[in-house]
Amino acid sequence: MQSSSAHGEISDPDNSELPEFRIGRRVHSAGDSRRIGTVKYVGPVQGYSGKWVGVDWDNGDGKHDGSLNGVRYFQAASHKSASFVRPHNLSTGITLLQALEIRYQTTSSKEEEDEMYVLSASNRRVPVELLGKNKILDKLSRPEELTSASVPYLGVSSAGPPCQISATVPNLQELDLTGNLLSEWEEVGAICEALPPLATLNLTNNFLVHDVVGLPQLKNVRILVLNNTCINWMQIETLKHSLPVIEELHLMGNKLEAITPSSSVTVQGFDSLRLLNLDGNCITDWNEILKLSQLRSLEQLYLNKNSLKSIWYPDSDKVHEQINHCESVDNCRPFQNLHCLLLGGNNIEDVASVDSLNYFPSLTDVRLYGNPITDPGKGGIPRFVLIACLAKVVMLNGSEVNPRERKDSEIRFVRLVMSKLHDHTQEILQLYPRFLELKKFHGIEDERPSIGGPGFQKMASGLISITLKCVGASFGEKPPMTKKLPATTTVGKLKILCETFFKLKSVKPKLFLQEEGSPLPTLLDDDMASLIELGVGNESTIHVDEES
């Protein structure tokens, strides 16, 4: 029996009459398998007859926070994510075997097939036959031949008889269980044991309990997807003992803030792990990421959409602290095999973080878009400067850096830095350590003997060829124009010139630099900055748009 506390709360709910709705169980709405929630309360609700189930819905679409008419029954995740539901309006799920039968052995009815049509020009129904339909149905009629199966959002909550699963789909190597009702690791283990060939398992959007128990050795699982499963790193540390050959581990959207190794300063084990996906978590401190630096096989690390403010490569003293068990520093260099590092959508804003990427021994693929440092509108640097700063990168923000773009970028970068040297020489040389190396490599002569001297005047008065393209919707058809302008022309001056060149009336132009290899043009929004300061070089293309 339940009792009322002094604060108007209901405690000790009696769910003996509804054992299938135990607290913590995952359920979905009987009429909508995508409306999933967690049971938080089972029992009576004051003022209403019969038994009720208090559910905290994943999508936040409820009516209250677990309290009703001044009585607290449970605490929901948000103020409108919970509701009370009659038991018959909820489903506690089905077995994997039942889901496979629904997905792969149920034939469509004539009524369903009659619904497959398109309307002709005269509004008549024209039946549609799927391309290769008979071939697909023939394959689905023999599930024992399936090597890949997907049963998303079908309400799977348990494995079912293991012998029947293995007999039904004995050759299954890939299984997608996205959005089901699995919450116990024991059930996950039972599924894997029933499917010995299983190499890829996707458990996205299944909320798994924190205690990893009942999980056997998954000797063939190489790819495990645990996105949005509420998993924490302590669970990962336990899981690794059951995943001896894991190669890819996806942990997106789990609100991870810290990486907590169980027995060392750095994460150990995971000897075969090549790809670790931590996109969309809440990691702010790069020191947390350094705990992954001794994963010897790690080649790809995804850190998009976290909250990292800066990055750095650990110095030798730090390395010695972390790897005192190693035979030599050379054998334990941090991130020694990492070639791909995705850092998009973070809060990185310093050039030193960009420069530190040069110290990663094998890094060639970097993603930095969506950070303040790559947003010229926020004082960031354009693509050509990033290329010049990153000596070994061959892929930047998903776009290849070919030899020609690298050469052009490095030369533009050197000339840009030379134009600024007379102001804060030491600061600039410290900010861009590759400047002197690139200046010497490309054989660029010093054109800055003194402020206002003949060398500087010569550079400042040099003309660069620029192609201007009108892209504004209201501009109409206007052919591109190629103009030779002083490198010191400001953005504000160029806007005025564009109004004259293209005879723009009552329209304020907006300028974008289209750099080779860059998927998106860079906004030129500092009217006082010169073209050379913004890295606009010879034969550049500038798009002329209109202010919205």
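The values are calculated or read from the model by the stated rules, or taken from the named source; none is laboratory data. Bear in mind that the values here come from a model prediction, so they are computed numbers and not experimental data. Methodologically, a virtual Cβ is constructed for each residue, glycine included, from the backbone with ideal geometry; neighbour enumeration extends over all protein chains shown. For accessibility, only protein heavy atoms count, side chains too; no ligands or nucleic acids. Shrake-Rupley method; radii C 1.70, N 1.55, O 1.52, S 1.80 Å.
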inquiry  = Name the residue that is modelled with the lowest pLDDT, counting only residues in the range 404-437 that are among the aliphatic types (A, V, I, L, M) and under 15 Å from residue 358 (Cβ atoms).
reply    = 431
task = Check whether at least one residue in the range 464-483 is surrounded by 14 or more Cβ atoms within 10 Å (Cβ to Cβ), touching a Cys at 6+ places or on another chain (Cβ under 9 Å), of a type in the set (A, V, I, L, M) and in contact (Cβ under 8 Å) with a residue 60 or more places away in the chain, and report yes or no.
result = yes
query = Tell me, which residue of the range 37-54 that is under 17 Å from residue 179 (Cα atoms) and open to solvent by less than 10 Å² (accessible area, probe 1.4 Å) is nearest to the chain's Cα centre (by Cα)?
reply = 37
message = Any residue that is out of contact with any helix residue (DSSP H, G or I) (no Cβ under 6 Å at 6 or more places or on another chain), in a helix (DSSP H, G or I), modelled with pLDDT of 95 or more and on the phi < 0 side of the Ramachandran plot - is there at least one of those in the range 361-372?
response = no
ask   = Among the residues of the range 14-33, is there at least one that is over 16 Å from residue 88 (Cα atoms), of a type in the set (A, V, I, L, M), modelled with pLDDT of 90 or more and open to solvent by 80 Å² or more (accessible area, probe 1.4 Å)?
value = yes
query = So which pairs qualify, if the first residue must be in the range 84-100 and farther than 24 Å from residue 169 by Cα, the second must be open to solvent by 30 Å² or more (accessible area, probe 1.4 Å) and hydroxyl-bearing (Ser, Thr, Tyr), the Cβ gap must be under 9 Å, and the two must be at least 6 apart or on different chains?
reply = 84/48; 91/33
message = Suppose the filter is modelled with pLDDT of 90 or more, touching a Gly at 6+ places or on another chain (Cβ under 8 Å) and open to solvent by 40 Å² or more (accessible area, probe 1.4 Å); does residue 525 pass it?
response = no
